[in-house]
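Participant: Structure in structure tokens, see below.
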Amino acid sequence: MSLSDSLRAHCPICGNMELQRIPGERVDSYFGFLWSRLSIPAYRCEPCRHKYFSIRPLRAKEAKEQAKEQTKERELAEMASSK
């Protein structure tokens, strides 16, 4: 793993950098309530299913993809609620 990759969010178990952002309530952690209150992002690694908090930012490519997905989800929710 390169230095620039180590400064980005990655799974501490398997090193995977393709992470999924999840709500903080879904992470079982001793200080999870504190991290949620501080708005620290929670992530899930798909291959090993590890859930954790990280202050490191996602890679730019992944952040853009997640923003698009969240926008689509919001639009679908708004369409469903307006019916």
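Participant: Convert each backbone phi in the range 72-77 into a coupling constant with the Karplus relation 6.51 cos²θ - 1.76 cosθ + 1.60 (shift: θ = phi - 60°), then list the ³J(HN,Hα) values in order as whole Hz, x for Gly and Pro.
Facilitator: Going residue by residue, I get 4, 5, 5, 4, 5, 5 Hz, with x marking Gly and Pro.
Participant: Now a separate question. What's the FRET efficiency of Ala77 with Phe31 using the Cβ-Cβ distance as r and R₀ = 41 Å, to the nearest 0.05? Intermediate results must be reported in sequence, preceding the final value.
Facilitator: On the way: r = 31 Å, r/R0 = 0.75.
Efficiency, from the Cβ-Cβ distance: 0.85.
Every number in this text was worked out from the coordinates using simple rules, so none of it is lab data. Note that the structure is a prediction, hence the values are computed from the model and not measured. No Cβ is skipped: glycine too gets one built from the backbone with ideal geometry, and neighbour counts run over all protein chains shown.
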